[in-house]
């Protein structure tokens with residue numbers, strides 16, 4: 001019975017993936033990719049990876065959707081959205097089929113990997129959720145570098161701005177009817193999202209959740225508030241927002257150095273301080289992830305978009 | 001059984017993404033193809049991590065960071081595509097255009 | 001008793017989901033399809049959440065189920081209104 | 001009960017498949033977005049059922065999906081507005097909307 005459910009789900013995932021690559025029109029592809037993110041989130045739920053399901057639900061169908069649809073809108077106003085039907089490409093099909101077949105072969109041919117048993121190490125990690133323990137303690141290097149990669153991507157996006165737009169607020173100049181449905185929605189949703197996002201970070205220490213998931217939810221409701229005209233998008237040069245961007249990496253690095261100073265080693269948390277240290281890093285990281293993701297999706301300041 | 005279904009779905013998605021990345025020329029479509037490859041890899045990796053007796057949290061942690069990085073890479077790519085369209089009025093690469101200089 | 005309630009509520013929820021999908025496929029134009037969608041899938045989700053509610057173990061789970069449905073209602077109402085208006089005011093746009 | 005909940009989840013997924021057909025068919029962008037919205041609500045329903053079936057923690061995932069269900073659609077109406085930043089409610093609907101609405105636009 002549960003295999004039938006997984007088969008049905010995977011058939012839908014594959015069908016939607018195929019639909020996002022086939023046919024004409026990138027708008028349809030973007031919509032299919034939004035539904036794809038949702039179905040993959042259900043797939044992660046079936047695999048028992050609840051933290052991943054949460055991240056995929058928030059990012060895959062939420063933020064990526066806004067990003068792709070906004071991009072399509074901009075391209076349409078620049079008259080670059082049209083796509084002609086491309087013919088079937090045999091070499092590409094051979095390449096894709098070959099890659100898929102070799103992965104399928106690897107699944108059956110390679111030995112089952114032996115997962116390191118973390119249960120003995122978990123009591124020293126300071127948190128009960130093994131995924132959070134891996135992210136913030138056992139493999140803190142990865143997470144630290146990743147938070148810096150996010151900043152680099154944001155700087156890359158900002159470099160796309162034209163000189164004349166540099167001092168303008170980020171993204172397009174969003175406006176909405178003050179008493180309209182969108183504005184009301186933009187007032188109701190963010191408080192709920194704020195509570196839920198903070199809850200996810202807090203709960204992530206022991207059960208499903210964490211800085212990435214909480215930060216994504218906060219970024220998403222922040223975007224809703226900005227698109228509804230409730231909240232003004234920041235400018236590149238605003239100090240407080242820049243401070244929020246680097247808060248997470250700075251606190252993370254600082255705690256790493258403190259660990260080295262205490263003799264435990266860089267990015268190694270002493271067992272007694274692990275829980276408060278992880279919660280502090282997570283709180284700072286959540287702020288930075290939320291602001292970085294929201295600004296990434298908003299895009300560079302773009303005054304020219306008004307006329308184009 | 002279920003793990004095999006998900007792993008093979010992941011493998012097929014990677015292949016599908018590779019096809020789209022090579023065969024489709026509109027750059028927004030290619031961004032979606034790139035995301036499809038990433039997501040297929042994550043599914044394959046996640047199914048592999050769930051194969052042992054216990055659910056391995058390390059692949060899960062890496063996949064979460066991977067999902068966030070994929071979003072930031074997509075945002076950067078979207079920025080580049082919009083900048084290209086602002087400059088040239090097209091959303092496909094010059095080397096992919098046909099003899100009349102039109103986007104295919 | 002609780003199980004019976006779950007069977008009945010989830011089954012009727014399914015009926016609404018299927019009706020919504022059939023409406024989405026069969027109705028002739030955008031606005032009637034919107035009508036089929038918003039009526040059906042919210043009741044559908046409500047009934048399914050109601051059915052599942054009889055299986056919950058704690059009050060927190062029950063509260064969460066309620067919140068899920070309320071948020072879905074809010075989202076669906078907003079989206080229906082906005083998408084309908086967008087379809088109305090830009091009918092000539094590609 | 002377990003078998004029944006499996007059946008509910010499978011039927012829900014099948015009904016999502018029907019909605020996906022409308023995403024493929026269109027014809028207008030609004031049709032596709034609406035159908036995607038139904039897929040979103042259906043996904044929340046599937047997760048609620050899976051929560052009862054597997055682990056109540058999944059309610060958190062369902063809640064996240066429900067909270068962000070409207071995000072893509074808000075992005076859609078923004079992108080559809082003339083300057084990419086507006087709100088369809090800012091302008092009154094055209095006088096002839098009843099006749100206009102019959103001509104469903106095709107997207108390219």
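Give the residues of region A:120-147 that are loosely packed, with under 15 Cβ neighbours inside 10 Å, assigned to a helix (DSSP H, G or I) and touching a residue at least 60 places away in the same chain (Cβ under 8 Å), sorted by residue number.
Residues satisfying the conditions are A:124, A:141.
Determine which single condition residue C:57 fails, assuming it passes every other condition in (1) at pLDDT below 90; (2) at the interface with chain D (Cβ under 8 Å from one of its Cβ atoms); (3) under 16 Å from the mean Cα position of the chain (by Cα).
(3)
Tally up the residues in region B:72-83 that are more than 7 Å from chain A (Cβ to nearest Cβ) and modelled with pLDDT under 90, please.
0
Considering (1) at pLDDT 85 or above; (2) within 20 Å of residue A:65 (Cβ to Cβ); (3) facing chain A (nearest Cβ under 7 Å), say which one residue B:42 fails and leave the rest.
Result: residue B:42 fails condition (3) only.
Just wondering, is there one or more residues in region A:1-10 that are out of contact with any strand residue (DSSP E or B) (no Cβ under 9 Å at 6 or more places or on another chain), outside any helix (DSSP H, G or I) and facing chain D (nearest Cβ under 8 Å)?
yes
Conditions first: (1) out of contact with any helix residue (DSSP H, G or I) (no Cβ under 9 Å at 6 or more places or on another chain); (2) in a helix (DSSP H, G or I). Residue A:277 passes all but one, so which condition is the exception?
Status for residue A:277: all satisfied but (1).
Can you tell me which residue is nearest to the other protein chains (Cβ to nearest Cβ) among those in region A:77-91 that are under 21 Å from residue D:33 (Cβ atoms) and in contact (Cβ under 8 Å) with a residue 24 or more places away in the chain?
My answer is A:83.
Just to check your reading of the model, which residue among B:20, B:52 is farther than 30 Å from residue A:162 by Cβ, surrounded by fewer than 18 Cβ atoms within 10 Å (Cβ to Cβ) and within 7 Å of another protein chain (Cβ to nearest Cβ)?
When all the criteria are applied, what remains is B:52.
Are any residues in region A:103-138 in the same structural domain as residue A:285 (by TED's automatic domain parsing), modelled with pLDDT of 80 or more and either over 28 Å from the mean Cα position of the chain (by Cα) or within 18 Å of residue A:286 (Cβ to Cβ) (or both), and if so, which ones?
A:127, A:129, A:131, A:132, A:133, A:134, A:135, A:136, A:137
Based on this model, can you work out whether residue D:44 counts as under 21 Å from residue A:62 (Cα atoms), facing chain A (nearest Cβ under 10 Å), more than 14 Å from the chain's Cα centre (by Cα) and assigned to a helix (DSSP H, G or I)?
no
Does region A:159-175 contain at least one residue that is over 23 Å from the mean Cα position of the chain (by Cα) and within 11 Å of chain D (Cβ to nearest Cβ)?
Checked against the condition, which is being over 23 Å from the mean Cα position of the chain (by Cα) and within 11 Å of chain D (Cβ to nearest Cβ), region A:159-175 yields at least one hit.
Test residue A:200 against the criterion of being within 23 Å of the chain's Cα centre (by Cα), at pLDDT 90 or above, outside any loop (DSSP other than H, G, I, E, B) and buried (at least 21 other Cβ atoms within 10 Å of the Cβ), and give yes or no.
Yes; evaluated as a whole, the condition is true for this residue.
How about region C:58-91: which of its residues are surrounded by fewer than 19 Cβ atoms within 10 Å (Cβ to Cβ) and in contact (Cβ under 8 Å) with a residue 24 or more places away in the chain?
If the condition is that a residue be surrounded by fewer than 19 Cβ atoms within 10 Å (Cβ to Cβ) and in contact (Cβ under 8 Å) with a residue 24 or more places away in the chain, then C:73, C:77 are the ones that fit.
Among the listed residues A:190, A:178, A:169, identify the single one that is in contact with a strand residue (DSSP E or B) (Cβ under 7 Å, 6 or more places away or on another chain) and surrounded by fewer than 24 Cβ atoms within 10 Å (Cβ to Cβ).
A:169 is the lone residue from the list that is in contact with a strand residue (DSSP E or B) (Cβ under 7 Å, 6 or more places away or on another chain) and surrounded by fewer than 24 Cβ atoms within 10 Å (Cβ to Cβ).
Please list, ordered by first then second residue, the pairs with beta carbon atoms under 7 Å, 6 or more apart or interchain, first in region D:49-75 and more than 7 Å from every other protein chain (Cβ to nearest Cβ), second not in a helix (DSSP H, G or I).
Every condition considered, no pair remains.
Against the definition (over 30 Å from residue A:162 (Cα atoms), assigned by TED's automatic domain parsing to the domain that holds residue A:125, within 24 Å of the chain's Cα centre (by Cα) and surrounded by 13 or more Cβ atoms within 10 Å (Cβ to Cβ)), how does residue A:277 come out, yes or no?
Here the answer is yes, as residue A:277 does meet what is asked.
Let's see how each residue does on (1) modelled with pLDDT of 95 or more; (2) in a helix (DSSP H, G or I); (3) under 14 Å from the mean Cα position of the chain (by Cα):
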{"site": "B:7", "(1), (2), (3)": "no, yes, no"}
{"site": "B:13", "(1), (2), (3)": "yes, yes, yes"}
{"site": "B:47", "(1), (2), (3)": "no, yes, no"}
{"site": "B:58", "(1), (2), (3)": "no, yes, no"}
{"site": "B:70", "(1), (2), (3)": "no, yes, yes"}
{"site": "B:85", "(1), (2), (3)": "no, yes, no"}
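Does residue B:92 satisfy being modelled with pLDDT of 90 or more, buried (at least 20 other Cβ atoms within 10 Å of the Cβ) and touching a helix residue (DSSP H, G or I) at 6+ places or on another chain (Cβ under 7 Å)?
Criteria not met by residue B:92.
Which of the residues that make up region D:9-28 are over 22 Å from residue C:71 (Cα atoms) and facing chain C (nearest Cβ under 8 Å)?
Within region D:9-28, D:11, D:18, D:21, D:22, D:28 qualify.
Table: residues versus (1) in a helix (DSSP H, G or I); (2) within 29 Å of residue A:188 (Cβ to Cβ); (3) modelled with pLDDT under 90.
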position	(1), (2), (3)
C:10	yes, yes, no
C:17	yes, yes, no
C:40	yes, yes, yes
C:49	yes, yes, no
C:63	yes, yes, no
C:94	no, no, yes
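Kindly check whether there is at least one residue in region A:124-143 that is within 30 Å of residue D:83 (Cβ to Cβ) and either more than 8 Å from chain B (Cβ to nearest Cβ) or in contact with a helix residue (DSSP H, G or I) (Cβ under 7 Å, 6 or more places away or on another chain) (or both).
Looking through region A:124-143, none of the residues is within 30 Å of residue D:83 (Cβ to Cβ) and either more than 8 Å from chain B (Cβ to nearest Cβ) or in contact with a helix residue (DSSP H, G or I) (Cβ under 7 Å, 6 or more places away or on another chain) (or both).
When you go through (1) modelled with pLDDT under 90; (2) more than 21 Å from residue B:13 (Cα to Cα) one by one for residue A:61, which number turns out not to apply?
(2)
The values are calculated or read from the model by the stated rules, or taken from the named source; none is laboratory data. Since the model is a prediction, treat every value here as computed from it, not as a measurement. All Cβ positions, glycine included, derive from the backbone under ideal geometry; neighbour counts span all protein chains shown.
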